[in-house]
Amino acid sequence: MKWLGRFWRIFGPVAGLLSMTGCGDMCGNTILSETTAQGSHKRAVVFERDCGATTDFSTQLSILEANEHAPVGGGNVFVADSDHGAVTNLSVSVQWVSPYHLVVSFPARARVFLQEAHLGGVSISYEKIGL
């Protein structure tokens, strides 16, 4: 048990400093596309989320108000990844068919984690592409 005390004496301060610097969230978002609904104050933002080498990239979608900042966290409507390479191009496209109806197209082989049908007065339909 003497080694445990020595461990904490050496690594305890390092762990404390790391927790204060906010290193907990190593994820980053890259916006792929944005589209605003005509006749509405809503916009759809498709982005790629990267949380480091131990996880797969994911493609995500958030519906936001037109003046809202780009998402910092995860998507609020749709989240999918390539299912360990089953999909080589995880292209997600969106199209506003009315001010409050969004159609989302994505590869059929994608692994979907989140797929909301409604958010903030917007109805969302999904279309799987390919096999």
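Residues in the stretch 25-48: is at least one of a type in the set (Asp, Glu), modelled with pLDDT under 95 and exposed (fewer than 13 other Cβ atoms within 10 Å of the Cβ)?
Within the stretch 25-48, one or more residues are of a type in the set (Asp, Glu), modelled with pLDDT under 95 and exposed (fewer than 13 other Cβ atoms within 10 Å of the Cβ).
Restricting to the stretch 82-94, and then to whatever is of a type in the set (Ser, Thr, Tyr) and surrounded by fewer than 17 Cβ atoms within 10 Å (Cβ to Cβ), can you tell me which residue is farthest from residue 37 (Cα to Cα)?
Among those that are of a type in the set (Ser, Thr, Tyr) and surrounded by fewer than 17 Cβ atoms within 10 Å (Cβ to Cβ), it is 88.
I'd like to verify a number: residues in the stretch 25-78 that are outside any loop (DSSP other than H, G, I, E, B) and either touching a residue at least 24 places away in the same chain (Cβ under 8 Å) or within 20 Å of residue 126 (Cα to Cα) (or both), how many?
24
Considering each of 87, 103 in turn, give the residue that is assigned to a strand (DSSP E or B), closer than 20 Å to residue 127 by Cβ and not aromatic (Phe, Trp, Tyr).
103
Residues in the stretch 90-100 that are within 15 Å of residue 46 (Cβ to Cβ) and assigned to a strand (DSSP E or B): how many?
4
Between 97, 79, which is buried (at least 16 other Cβ atoms within 10 Å of the Cβ) and among the β-branched types (Val, Ile, Thr)?
Exactly one of 97, 79 is buried (at least 16 other Cβ atoms within 10 Å of the Cβ) and among the β-branched types (Val, Ile, Thr), namely 79.
Kindly list, by first and then second residue, each pair from a residue in the stretch 118-131 that is on the phi > 0 side of the Ramachandran plot to a residue that is at pLDDT 95 or above and not charged (D, E, K, R), limited to pairs with Cβ atoms under 6 Å and residues at least 6 apart or on different chains.
121/100; 130/107; 130/108
The values are calculated or read from the model by the stated rules, or taken from the named source; none is laboratory data. Since the model is a prediction, treat every value here as computed from it, not as a measurement. When we count neighbours, we look across all protein chains shown, and the Cβ atoms used for this are built from the backbone with ideal geometry, even at glycine.
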